[in-house]
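Visitor: Dropping a structure here in structure tokens format, bear with me for questions.
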Amino acid sequence: MSREARITLLVLVALVAGAAVAFGAPHVLSDYFVRIILLIALNAILVLALSLSNGFTGVFSLGHVGFIGAGAYISGILSIPVQQKMALLPHLPAFLHAFSLPFLPATLVAGLLTALLAVVVGYPLMRLSGYFVSVATMGFLIIVNVVLINASDFTRGARTFTGVPLETTLPWVMGWLAITLFVLARLVYSPFGRAMKAVRDDTIAASAVGIGVLRTRLIAFVTGAFFSGVGGSLYAHYLGSFSPNTFYFALTMSLITMLVLGGMGSLTGAVVGVVCVSLLSEVLRTVERGFTIGDFAVPALFGASQIVLGFIFILVMIFRPKGIMGDREFTFGLTQGSATVNQTEERKR
Amino acid sequence: MTQLDYILQQIVNAVSLGSLYALVAVGLSIVFGVLKLTNFAHGDVMMVGAFGVALLAGIGVPFPVAVICGIAAAAVTGFLIERIAYRPIRDAPDVARLLTSLAVTYIIENVGILVFTSSPRNFPLPDILNTSWEVSNGAITFTSINLLTIALTFVSLLLLGWFITRTTTGLGMRAAAEDMSAAQLVGLNVNRLIVVAFIVASAYAGLAGILWAAQAGVVQPQMGFTPLLKAFVAAIIGGFGSIAGALVGGYILGALEIFIVAFLPSAVSSYRDAIVFAVLIAFLLVRPGGLLQPNREIKL
Amino acid sequence: MIKLTRRGTIGLGLGAFFALASASTALAADTIKIGYPANLTGIQASLDGPMLNGAKLAASEINASGGVLGQQIELVIYDSKSDSTTISTVASQLIDSDKVVGIIGFADSDSVLAIGPQVQKAQIPFITPGATSPKLPGQLGNEIFLAAFGDNVQAAVGAEFALNKLNGKTAYLLTDIGTEYTTLLSDYFVAAYEHGGGKILERDTYKIGDKTFTAQIAKLKALSPQPDFVYASSNAEEIGLILKQMRQAGINLPVVGGDGYDTPLLIQVGGDAAKDTYFTTHAYIGEGAAPKVQAFIDAYTKSVGNAPENAFAALGYDSVKLMADAIKRAGAPDPAKIRDALAATSGLDGVTGTITYRPGISVPDKSVSVIGVKDGKLVLASEAAPTFVAEP
């Protein structure tokens, strides 16, 4: 079977499996496990979006959660039913009071507007590198937080933004995850993808061969922001209520941990990181409540799970800084094994 | 209160706040200068200093002794962090080091919460420090803490200046900051210098944390976060890696914050933090070397 | 392929641990399980922590005297980390795996709103000891009950106290716009105060975490004529500082506020500056407190090692007793019956006052204590129910 056919078959199998999980799981598993799977898929979307900048382009953004929050609020404002909107957000401009969008359009609009925001923000910021872009994007996150708290006519300020219909279900999240993986895979495994990696590895050399550094970084940034906005909308419709603090440093730390542990240079790495950290967190959460093994009782030690995760993070940084997957992808030998090491494979054949 | 009095009062506030920010930024700048590492754990070292004093003074230890112990505790914490977390990754890519410092922060804060609970605790100030002074018929006031902050900042930065220009260790630190490999080549014990830099930076962080808590009145394990952000802004505006830069940046930030709230209508001034960070981003774009380092070569 | 084997081992180990840990937390049956999700880490921890201590104290007292309906009660505790997603995960664990008959939790509206939809759907009665937003039952449904008075009630009492007892015809309003509680409290205060004929001369804001209020204080000082008092809607961390800076600037007006003031920090940090400060809260926990309150303080100090840190300790205590009382009256550990019994609670004596739910209303009628600071000590200034209450 030719390589093309095998890839297509694999993708089809993956889609069928994904659909089976998405539609079948709620009937077979308890609500708790369905939620865990949903959160893993949702976080995967967010971390994949993050990996585009942080991993593949080398722009380590600490501010993506600002886009997630923007997406959440925008889609929330759009999709709250009209009656509730009048009660909860009385000072909205009249035209927003007049309608409310269903889930999919609200999510798309949120994603697009967030991408637009990313163009505005990224145009100046993507010129920076190293720590400077990290600090600058962190500044962006703080600015978004302050704006959310102060623009209370739109966001209810520090008060809980509630009333968002609980539309996010497993099929929706898996669907968006499939789209995200598809788009990102096409982006990363393409000439543009190689341009991204060139910009990451050696900016000066890249621009010397004519790759537009700013343009490359900006495209990665904006695409990542679009999916962050979409993820934010999914998040909003999962929680139903949130506040500016939901999209601040705690979420940032969480997503970065998943990205780094999984491997910043690979899409599979992002997903693997999410799965591992999520499962580990759940296990730690259960364990930190205290348990008994035979006659031996271990007392509850709340807060231990965060500390353990922090230590694991440092250990990974010391011993395996590229993360679990590093640059490699999980491709069952169908395509080149990794995003960067492709020429040698070709030559070996 | 006349307009002039109002302005003078705000200037007093700005100078006092600026001194605190300068002190807070100096430790961050030292670590970046020597190690090229953005040390996110800086805020937590400040917290350790403040917490040390709060706990010791709370059980009756005389305040000056508690302060010295607090600073020492902060210095030890910095030393340990360097040893355990930063040294193994000294040659790792910048991103990895930045992330490690984030992880260290995370751990220290959560250990603090685990042991001390996240409830805010009183920071016991001795009564002599609780006084305030009035000028101009009560129109302008400043507290002893304000005066103490300004004085301590002045004295300690003078001390630091003497240290890095007159002692061999200090000079060695500056050499390492300018060119680490050259310093090694000429035979300087770079490891030792880095350790010294960390201890000095952490001691300053501890002092800054104590003064910060004295002004805030309370300590809690998460208190290091805000001063850390301020330190970043101040250090970058003034020139990241430069001690004089931290000083200049601190005063500029202090002035910026006070004047935004004092002279702008309250609808705008509630965006104060956003404005400050917008200024920071502007600096990063236009003058990444900060005010004092116009010719700084920036890694692209 | 070492990497795969390593991952495989980790996966296996995690799986085994998971199975083990969950197996061992399934305790013997024959206890009545009450879910207790708490934000023990994260930003809400300073409130939820003491609340949990109070709750555990109540549970042990109840169990020591025979339990409820002949069975011991068990608090199933999870740390929800002040994070909405963890809260929703914990909720499904409590409802599906632990099969609790009732849930008690949280001191803030954000968390209650996060858990609300799930408990309402599963029809499990839920008591929040500490959230005071009166909108919650309306937003979530009939399974949600508050154990404390609503913020509209305490703001109204504060306004009426200022108008009547302090002769405060004009006011300066300072609001912390960084938290939901303080923002709402201010809104309710304005409604009640203006309804009672008061006039607000100037409004100013700050954000939780601020340490310098000199700009706002300078504006206050520049007001002419000076207001009769200050209403400062503030959290525990800032009020001591605000008072100190105000007095240092020479402003000696009375200051009125809400239960955010109710921690030892008010006097510890405020010191002398705390004089002439009044706040509305759930119970008077000072010298000369009612014997019931004193007994609680003593028991809490004995079991935890320090005096109750804030009013939430007492609220956590009362909530468990409230739930236990409802279970007893329901006659069986059945969520639907418990819910109805809860809604019919009348005249239940607690540390934080008497709890009665009017038919169809899940925010209790509780009287509000107004506490003042005199000579560095807390004194009971008034105990009242408001005459006018703003709609939630």
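Visitor: A:T223: net charge of surrounding residues, Cβ under 13 Å, Lys/Arg +1, Asp/Glu -1, itself excluded?
Guide: Cβ neighbours under 13 Å give a net charge of +3.
Visitor: While we're here: How high is the relative contact order of chain B, in percent, counting Cα pairs under 8 Å that sit 6 or more residues apart?
Guide: 36
Visitor: Sequence gap at least 6, Cα distance under 8 Å: using those rules, report the relative contact order of segment C:59-139 to the nearest whole percent.
Guide: About 25 percent, as a whole number.
Visitor: Now, a different point. Which residues' amide hydrogens lie under 5 Å from the amide hydrogen of C:G350, considering only partners 5 or more residues apart or on another chain, with H built in the peptide plane?
Guide: Amide H neighbours of C:G350: C:I355.
Visitor: May I ask you to derive the relative contact order of segment B:104-228, considering only C-alpha pairs under 8 Å and at least 6 residues apart, and to give it as an integer percent?
Guide: The value is 36 percent.
Visitor: Let me ask something else about it. Which of B:R87, B:R174, B:R166 moves most in a GNM of chain B, Cα contacts under 10 Å?
Guide: B:R166
Visitor: Another question about this same structure. Measuring from the lowest to the highest alpha carbon on each principal axis, how far does chain B reach, largest first, in angstroms?
Guide: 63, 48, 37
Visitor: If r is the Cβ-Cβ distance from B:N191 to B:V61 and R0 is 45 Å, what FRET efficiency results, to the nearest 0.05?
Guide: 0.85
Visitor: The protein assembly as shown: percent of C-alpha pairs farther apart than 44 Å?
Guide: 34
Visitor: What is the antiparallel percent of DSSP beta bridges lying wholly in chain C, to the nearest 5?
Guide: Of those bridges, close to 30 percent are antiparallel.
Visitor: Next question. Enumerate by residue number the chymotrypsin sites (Phe, Trp or Tyr not before Pro) in segment A:31-110 meeting two conditions: DSSP loop (anything except H, G, I, E, B), and at most 12 other Cβ atoms within 10 Å of the site's Cβ. Please list the in-between numbers first.
Guide: Values: sites: A:Y32, A:F33, A:F56, A:F60, A:F67, A:Y73, A:F95, A:F99, A:F103; in loops: A:F60, A:F99.
Counting only loop positions with at most 12 other Cβ atoms within 10 Å, the chymotrypsin sites (Phe, Trp or Tyr not before Pro) in segment A:31-110 are A:F99.
Visitor: Now for a different question. Determine the percent antiparallel among the DSSP beta bridges restricted to the protein assembly as shown, to the nearest 5.
Guide: 45
Visitor: I want to verify a result. In a Gaussian network model of chain B, Cα cutoff 10 Å, which of these has the top mean-square fluctuation: B:A151, B:A197, B:A231?
Guide: Residue with maximal mean-square fluctuation among B:A151, B:A197, B:A231: B:A151.
Visitor: Something else about it: In segment C:293-312, whose amide N lies under 18 Å from the spot 7 Å out along Cα-to-Cβ of C:A64? List them in ranges.
Guide: In segment C:293-312, the label zone of C:A64 (backbone N under 18 Å from the point 7 Å along Cα→Cβ) covers C:293-308.
Visitor: Now for a separate question. Just to confirm my numbers, what's the Cα centroid distance between segment C:316-360 and segment A:1-78 in Å?
Guide: 44
Visitor: I've got another one for you. Pick out which of A:A178, A:A87, A:A225 has the largest mean-square fluctuation in a Gaussian network model of chain A, springs linking Cα atoms closer than 10 Å.
Guide: A:A87
Visitor: Using a Förster radius of 56 Å, what is the FRET efficiency between A:T8 and B:L129 based on their Cβ-Cβ separation? Nearest 0.05, please.
Guide: That pair, A:T8 with B:L129, gives E of 0.15.
Visitor: Here is a follow-up. Within a 10 angstrom radius of the beta carbon, how do C:M51, A:M258 rank from fewest other beta carbons to most?
Guide: The most exposed by this proxy come first: A:M258, C:M51.
Visitor: Quick one: which residues, 5+ away or cross-chain, put their amide H under 5 Å from the amide H of C:T41? H built at 1.01 Å from N.
Guide: Amide H to amide H, under 5 Å and 5 or more residues apart or across chains, C:T41 pairs with C:S80, C:K81, C:S82.
Visitor: Give, in whole angstrom and from largest to smallest, the semi-axes √(5λ) of the equivalent ellipsoid of segment C:129-199, with λ running over the eigenvalues of the Cα gyration tensor. Let's see the in-between values first.
Guide: Values: eigenvalues 129, 34, 18 Å².
Semi-axis lengths for segment C:129-199 are 25, 13, 10 Å.
Visitor: What spacing in nm lies between the two simple spin-label points modelled at A:L214 and C:S224, each 7 Å away from Cα in the Cβ direction?
Guide: Between A:L214 and C:S224, the label points sit 5.4 nm apart.
Visitor: Just to be sure I understand the model, the point goes 7 Å from the Cα along the line to the Cβ. What's the resulting B:L285 to B:L158 distance in nm?
Guide: About 4.2 nm separates the two model spin labels.
Visitor: Same structure, new question: For B:T168 and C:D334, FRET efficiency with R0 = 56 Å and r from the beta-carbon atoms, rounded to 0.05?
Guide: The formula returns an efficiency of 0.10 here.
Visitor: Also: Please give, to one decimal in nm, the separation of the simple spin-label points placed at A:D201 and A:H91, each 7 Å out from Cα toward the Cβ.
Guide: With each label placed 7 Å out from Cα toward Cβ, I get 5.3 nm.
Visitor: Sort A:R215, A:R289, A:R3 so that the residue with the fewest other Cβ atoms within 10 Å of its own Cβ comes first and the one with the most comes last.
Guide: If I rank by nearby Cβ atoms, fewest first, I get A:R3, A:R215, A:R289.
Visitor: For a quick check: sort C:Y284, A:Y235, C:Y193 by the number of other beta carbons within 10 angstrom, fewest at the front.
Guide: C:Y284, C:Y193, A:Y235
Visitor: Local charge sum around C:Q118 (other residues, Cβ-Cβ under 11 Å, Lys/Arg +1, Asp/Glu -1)?
Guide: So the surrounding residues net to -1.
Any read-out appearing in this document is the output of simple, stated calculations on the displayed coordinates, not a laboratory observation. Given the structure is predicted, the values throughout are model-derived calculations rather than measurements. Every residue, glycine among them, receives a Cβ derived from its backbone with ideal geometry; neighbour counts consider all protein chains shown.
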